[in-house]
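Working notes, structure below.
Nothing in this text is a laboratory measurement; each read-out follows from the coordinates by a stated rule. Since the structure is predicted, the reported quantities are computational estimates derived from the model, not experimental observations. A quick note on method: Cβ atoms are made from the backbone with ideal geometry, for glycine too, and the neighbour counts reach across all protein chains shown.
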Amino acid sequence: MTTIDTKAPAPGTAEIFRGFLILGLTGFGGVLPLARHMIVEQRRWLTATEFTDTLSLCQFLPGGNIINLSVAIGLRFTGIAGALAAVIGLIAAPIVIVLALGLVYARFRSEPHVVHMFAGLAAAAAGQLVSMAVKLALPLRRKPLAIVIALVVFAAIAVFHLPLVPTMLVAAPLSIYATSKAVA
């Protein structure tokens, strides 16, 4: 688990498209951990801290996190063209694959092998999610206030089952305020 904090030169629109196309093809079922690997470690478009900051904003916005992240990264480097290239690259191949799998599943959904295949895919996706959580937490390890805020929000949502949107509407401004006071 390497953390790279040096950046490569800014990618162009075609490179953004290719990167997200490959991501869309390889990240079936849980693309966020692979996105971090591609963006931070492999292509070095963002540092680990920049990735975490961008993803944090994207998680707060409505819509899919990875879609929001692709738009943010595309906009950052090449504007609207980059945002469109990233989104189209990310979703084009998976749309075709999902349509094909949907047809197969509709026909064979009661077959035991198909049921087991989907159970295995769910387990793999859960493992990727845990791996991603660890990687996202690493830049926070030297920020005790950020760790406390993350744990409080996690407890509110996962343990106490508070609704996500109201929790975020309260936690986001409070965390921004607390962090700004801690830095000042």
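Details
- Gain on full stretching of the segment that runs from V104 to A158 - 0.36 nm per residue minus C-alpha separation: 16.0 nm
- Taking trypsin sites (Lys or Arg not before Pro) across the range 71-119, the ones in a DSSP loop with at most 12 further Cβ atoms lying within 10 angstrom of their Cβ are R109.
- Distance-filtered residues of the range 164-182 - backbone nitrogen under 17 Å, label point 7 angstrom along A133 Cα→Cβ: 164
- Difference of contour (0.36 nm per residue) and Cα-Cα distance, S180 to A125: 16.3 nm
- With θ taken as phi - 60° and the Karplus curve 6.51 cos²θ - 1.76 cosθ + 1.60 applied, the whole-hertz 3J(HN,Hα) list for the range 79-94 is x, 4, 4, x, 4, 5, 4, 5, 5, 5, x, 5, 9, 4, 5, x Hz, x standing for glycine and proline.
- Calculated P(r) of the chain - Cα pairs past 25 Å, %: 44
- Taking 0.36 nm per residue of separation and subtracting the Cα-Cα distance, full extension of the segment from L61 to V115 would add 16.1 nm.
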